[in-house]
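First comes the structure, then the notes that go with it.
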Amino acid sequence: MAKQFDVVVIGAGPGGYVAAIRAAQLGLKTACIERWTKKDGKPALGGTCLNVGCIPSKALLDSSWKFYENSNKMDQHGISLGKVEIDVPTMIKRKDGIVENLTNGVAGLFKANGVTSFVGTGKVLGAHQVEVTNPEGKAEVIECENIIIATGSSPIDIPPAPKTGDIIVDSTGALKFQSVPKRLGVIGAGVIGLELGSVWGRLGAEVIVLEAQEAFLAMADQQVAKESLKVYKKQGLDVRLGARVTGSEINGDEVTVTYLDQKGDEQKVTFDKLIVAVGRRPYTENALAADCGVNMDERGFIFVDDQCRTGVPGVYAIGDVVRGPMLAHKASEEGVMVADLIAGHTMQMNYDLIPSVIYTHPELAWVGKTEEEVKASGEAYKIGTFPFAASGRAMAADDTAGLVKVVADEATDRILGVHVLGPSAAELVQQAAIAMEFGSSVEDIALTVFAHPTVSEAFHEAALAVDGHAIHIANRKKRK
C-alpha cells in the first residue's frame, strides 16, 4: 500500500525544508525527500545553502576576515599581536561543525513539526504520485494530494576548465582546501567567485579573477559596482574583465589557464588551484517523468506562474528550479507561499523587493531597482548618496569604504531602490526593504529618527541627500 500524504516536497534545501515545515504547521500531513546523505546515512538536510553554500562560505569569510584584521589592522588601535598565523584545517573543521549543527537543527525541526523524511531521489510521476529511489536503488511510490518541487541547482561546468581532482574545483571544492594556495585563479566575478576569492586572498593567496563580461557586476547598480571594484582591487583581488577562458592544462600540481583578454590577445596564467564559479543551473535532471505534464524550458527551468504553480494542478515548483534570482531567501519565501496556498490561504509574494547581498568586506547589498533600470524606463528620478567616510560610527570602527545610494521617483518621492557598499550593508538594505514594502517615500526616511552614532545614519543621510538636505556632507547643487 502506497504511503499517503497531503504534501510531498522533493528537496530539503532552504526552499524545500521551509515549505515542509510550514505545510506541517498548517496541519497538512507532509513528507520531504532528500538525496544528499551524511556519512552515517542520515539525510543532509539544508541543501546547497546549508551544506556547501551560504553557511559554510560565510563561516570561512568570517574566519578569514578575523585573520586579515588581526594581521593588518591592529597596530593603529595600539594592539601588538606579533605574527598572526592561520591553521587552515582548524578553520575548515569549525566550518564543518557549524554545518553539522545546522543540519541537525533542521532534522530536529522536522521531528518537532511531524514532517516525514525520506532519504533518496524523488521523481514526479504525475499529479498525485512521487517515486522515491533510496541510495540502494530500491524504489517506492508515494501517493499525495500536492507536490512541491524544490530540487535546487548545481554548479555549471565549462569545457575549457573541467573539474580535475583538487586542482580545478567548483565552489564546493573551494570550501575544502586544507592549505592556502600560493596562486589562486577564479573563473567568474559573480557573488560566489568574489566571496571565495576574498576568503583565500585574505589568507595570503595571490588571487586573479577572470570575468568574461566587460561590465563588473552587471546586475548591480553600476555606480556602486564600480566603487566596489576599486575596493576589491585595493584588497589585492586582480579582477580581469573581458577575459574569456579558452582552455586549461594541468602540469603536476599546477594548472595553466589560457584566455583571451579585452583586446582579443591570448594570455596564459598559472595557478596552484583554480575555482570555476560561472554560475549555477537548475537541478531538474531525472526529477520529472516524461509524461508527468510538468514543462521546462531548454535550460531546465520549470515553468510556473506568479504563485509557483506548474501547468499540472496540485504540482508546484520553487527556488532555483524556477524563474527569478537563485537566492535562498527567495526560495524560502516561495516555500511559505506555496504551503499557505495549499492550505487554502490567500498568499502573494513581492518579487520586486528581494534583497541581494555579496558578503565580501565591505558587504555589497541592494534592493529594488538600479539607477540604470529606472533610467531605461524613461521615468524621472532623483538620487542621493552618502559616503561612509563621513560616518562617525564607521570611522570609529575603521570601516569607512563605500557608500549608501537611494534612488527615488521624482514625481511621487517613492523609494525605488537602495544600494549599499559598506559596513553592515546587508542589514541596512533590509531596513530599506521593510520601508519599501510599506511604500515609503524619501521624506518618510528623512523624518525618521536614527540612533547616533550608527552606520544606519548613512541611510538616513542618503535619503536626506536626495533633495539636497544632507547634514554631514556638502550637498550637490541640482542642475537647472
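The values are calculated or read from the model by the stated rules, or taken from the named source; none is laboratory data. Values in this document were obtained by computation on a predicted structure and should not be read as measured data. Because the Cβ atoms are built from the backbone with ideal geometry, glycine has one as well, and the counts that use them run over all protein chains shown. For the accessible areas, the whole protein counts, side chains as well, though only heavy atoms, and no ligand, DNA or RNA atoms are used. Shrake-Rupley method; radii C 1.70, N 1.55, O 1.52, S 1.80 Å.
Overall, the accessible surface of the chain at a probe of 1.4 angstrom is composed of carbon and sulfur to the extent of 50 percent. Accessible area of residue 254 (1.4 Å probe, protein heavy atoms only, ligands and nucleic acids ignored): about 60 Å². Shown for the chain: cysteine residues without a partner Cβ closer than 4.7 Å, namely 32, 144, 292, 308.
Mean sequence separation of contacting Cα pairs (under 8 Å, at least six apart), scaled by the length of the stretch 256-375, corresponds to a relative contact order of 12 percent. For a test of the definition: using alpha carbon positions, the gyration tensor, and the 1.5 limit on a/c, classify the stretch 181-263 as rounded, prolate or oblate. The shape class here is oblate.
Tell me the label only: which of [x] 294; [y] 129; [z] 180 is volume of the Cα convex hull per residue in Å³ as calculated from this structure? The calculated read-out lines up with [z]. Coupling constants for the stretch 349-359 follow from the phi torsions by the Karplus curve (6.51 cos²θ - 1.76 cosθ + 1.60, θ = phi - 60°), and in residue order they are 10, 8, 6, 7, 10, 9, x, 10, 9, 10, 8 Hz; glycine and proline get x. The peptide list 25-33, 317-325, put in order of mean Cβ contacts within 10 Å with the highest first, becomes 317-325, 25-33. Scanning residues 5 or more positions from residue 354 or on other chains, those with amide H under 5 Å from its amide H are 368, with H placed 1.01 Å from N in the peptide plane. In the stretch 408-480, Cα pairs under 8 Å separated by at least six residues give a relative contact order of 24 percent.
Helix-only arithmetic for the chain: the sum of -39500 (n - 2.57) across DSSP H runs with n ≥ 4, divided by the residue total, places the mean residue ellipticity at 222 nm at -9000 deg cm²/dmol.
Note on residue 68: accessible area approximately 60 square angstrom, rounded to 10, probe 1.4 Å, nucleic acids and ligands left out. Rounded to the nearest 10 square angstrom, residue 36 shows an accessible area of 70 square angstrom against a 1.4 Å probe. Ranked by the mean number of other Cβ atoms within 10 Å of their residues, highest first, the peptides 379-387, 131-139, 278-286 come out as 379-387, 278-286, 131-139. Here the calculated FRET efficiency for residue 85 and residue 206, from their Cβ-Cβ distance with R0 = 30 Å, stands at 0.95, rounded to the nearest 0.05. Taking the Cα centre of each part, how many Å lie between the stretch 154-231 and the stretch 56-83? Cα centres, the stretch 154-231 to the stretch 56-83: 21 Å.
According to the square roots a ≥ b ≥ c of the eigenvalues of the Cα gyration tensor, what is the shape class of the stretch 269-373, taking rounded for a/c under 1.5, prolate for a/b larger than b/c otherwise, and oblate for the remainder? Since a/c reaches 1.5 but b/c is at least a/b, the shape of the stretch 269-373 is classed as oblate.
Amide H contacts under 5 Å for residue 279: 156, restricted to partners 5 or more places along the chain or on a different chain, H placed in the peptide plane at 1.01 Å from N.
Distance between the pseudo-spin-label points of residue 164 and residue 454 (7 Å out from Cα toward the beta carbon): 5.3 nm. Karplus-based coupling profile of the stretch 365-382, in residue order and whole Hz: 9, 7, 8, x, 8, 7, 4, 4, 5, 5, 4, 5, 6, x, 6, 6, 9, 9, with θ = phi - 60° in 6.51 cos²θ - 1.76 cosθ + 1.60 and x standing for Gly or Pro.
Sorting 409-415, 310-316 by average packing, meaning the other beta carbons within 10 Å per residue, from highest down gives 310-316, 409-415.
Rounded to 0.05, the FRET efficiency of the residue 156 and residue 477 pair, given R0 = 45 Å and the Cβ-Cβ distance, is 0.40. The mean sequence separation of alpha-carbon pairs under 8 Å and at least six residues apart, normalised by the residue count of the chain, gives a relative contact order of 14 percent. Under a 5 Å amide H cut-off, with hydrogens placed 1.01 Å from N, residue 38 pairs with 44 among residues at least 5 apart or on other chains. Average accessible surface for the stretch 393-480: 53 Å² per residue, computed with a 1.4 Å probe over protein heavy atoms with every protein chain in place. For the stretch 141-232, the gyration tensor built on C-alpha atoms gives an oblate shape. Its axis ratio a/c (a ≥ b ≥ c) is at least 1.5, and a/b is not larger than b/c.
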